[in-house]
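Step one of this worksheet: look at the structure below.
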């Protein structure tokens with residue numbers, strides 16, 4: 001999706017970007033996505049642990065990496081896909097940043113792919129990949145949205161694979177979204193909207209291909225969420241924004257907020273296979289993927305807790321020692337990780353852009 005700052009620049013506005021400029025760093029030498037590894041630029045997150053550059057995408061075809069997922073069955077394989085304009089295609093990439101294979105989805109379209117997720121089929125043990133065509137820059141222009149499901153390829157060779165399409169609509173009206181996640185314990189799919197008052201939406205427990213599946217709101221999400229992912233054991237999940245990330249035990253139950261590496265347009269986030277670190281990436285040619293170790297309070301518990309069932313009732317926030325409570329779901333969004341000043345700046349600039357657009361429209365009419 002086109003970023004807020006990019007839209008404003010297109011209308012001739014000079015603004016302070018709501019996202020920091022990408023920090024200069026040398027390409028990493030590769031590593032493993034099972035734990036903390038890699039090399040390159042380093043910095044400290046909120047927990048004091050060091051973030052590090054894991055790799056940069058080397059394939060010129062990966063120019064708008066918008067989704068990220070670690071393979072649940074292949075060692076040291078990361079999947080990604082482009083935003084819009086590249087067709088229904090995704091890439092398997094090694095931890096040195098080199099493309100291992102490119103896959104095309106048969107029976108799929110790519111209107112505005114914004115996110116992906118990986119899970120495991122409990123019946124077969126096979127990996128499952130999900131691709132979300134859920135971008136809607138006009139916040140409700142599309143009659144429905146599509147998420148595609150494919151069986152993870154067994155070999156890393158270019159191929160075309162058959163996709164299963166599920167159509168969705170929101171119970172409370174169409175909206176823009178850039179994040180999906182799948183609970184590995186329950187198998188339930190969730191969509192996270194990208195709005196100033198963002199929300200977490202739960203899909204039906206059993207998805208249907210012969211009808212439109214209804215997404216129901218189950219909790220708040222941070223402002224301008226760009227991606228999300230479940231921990232491998234289902235005990236927690238993370239939601240990414242342009243500025244930071246928020247970790248939750250369940251919708252409305254905040255564990256911690258994490259600072260993230262400075263990226264030009266933070267688009268993606270996922271967990272490593274051991275659940276101890278996060279991988280996060282951005283758009284652009286040769287874009288970087290960073291590994292961010294989780295603080296001790298955020299590492300998965302032995303027993304997983306399923307997410308709250310859809311309800312209009314507020315979800316009471318939990319308290320973790322030394323961690324502030326999450327925002328209550330009182331009809332608004334969760335402003336996790338976004339300073340009030342930045343929100344005010346976005347709103348002010350948006351209003352200014354609206355005025356300029358109105359003037360241009362009058363002059364050309």
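On a C-alpha basis, how far is the centre of the stretch 47-106 from the centre of the stretch 240-303 in Å? Whole number, if you could? Centre-to-centre distance over Cα atoms comes out at 16 Å.
Applying 1/(1 + (r/R0)^6) with R0 = 25 Å to the Cβ-Cβ distance of residue 101 and residue 208 gives a FRET efficiency near 0.20. Annotation for residue 141 and residue 296: the two label points, set 7 Å from Cα along the Cα-Cβ direction, are 5.0 nm apart. From least to most packed, judged by other beta carbons within 10 angstrom and beginning with the fewest, 199, 244 follow the order 244, 199. The protection proxy used here, the mean number of other Cβ atoms lying within 10 Å of each residue, ranks peptides 126-134, 265-273, 156-164, 291-299 as follows, highest first: 265-273, 126-134, 291-299, 156-164. Look at the alpha carbon pairs under 8 Å that are at least 6 residues apart: their mean separation over the length of the stretch 119-251 gives a relative contact order of 18 percent.
How would 54, 189, 100 line up from fewest to most surrounding beta-carbon atoms within 10 angstrom?
By the 10 Å Cβ count, ascending, the order reads 100, 189, 54.
Ranked for footprinting exposure by Cβ neighbours inside 10 Å, fewest first, 280, 99 give 99, 280. For the pair residue 195 and residue 154, what calculated FRET efficiency results from E = 1/(1 + (r/R0)^6), where r is the Cβ-Cβ distance and R0 = 41 Å, to the nearest 0.05? Efficiency computed from Cβ-Cβ geometry: 0.60. Overall shape: prolate for the stretch 186-278, with the ratio a/c of the largest to smallest alpha carbon gyration tensor axis at 1.5 or above and a/b above b/c.
A short reminder: the numbers here are calculations on the coordinates, not readings from a lab. Here the structure is a predicted model, which means the values were calculated and not measured. Neighbour counts run over all protein chains shown; Cβ positions are idealised from the backbone, glycine included.
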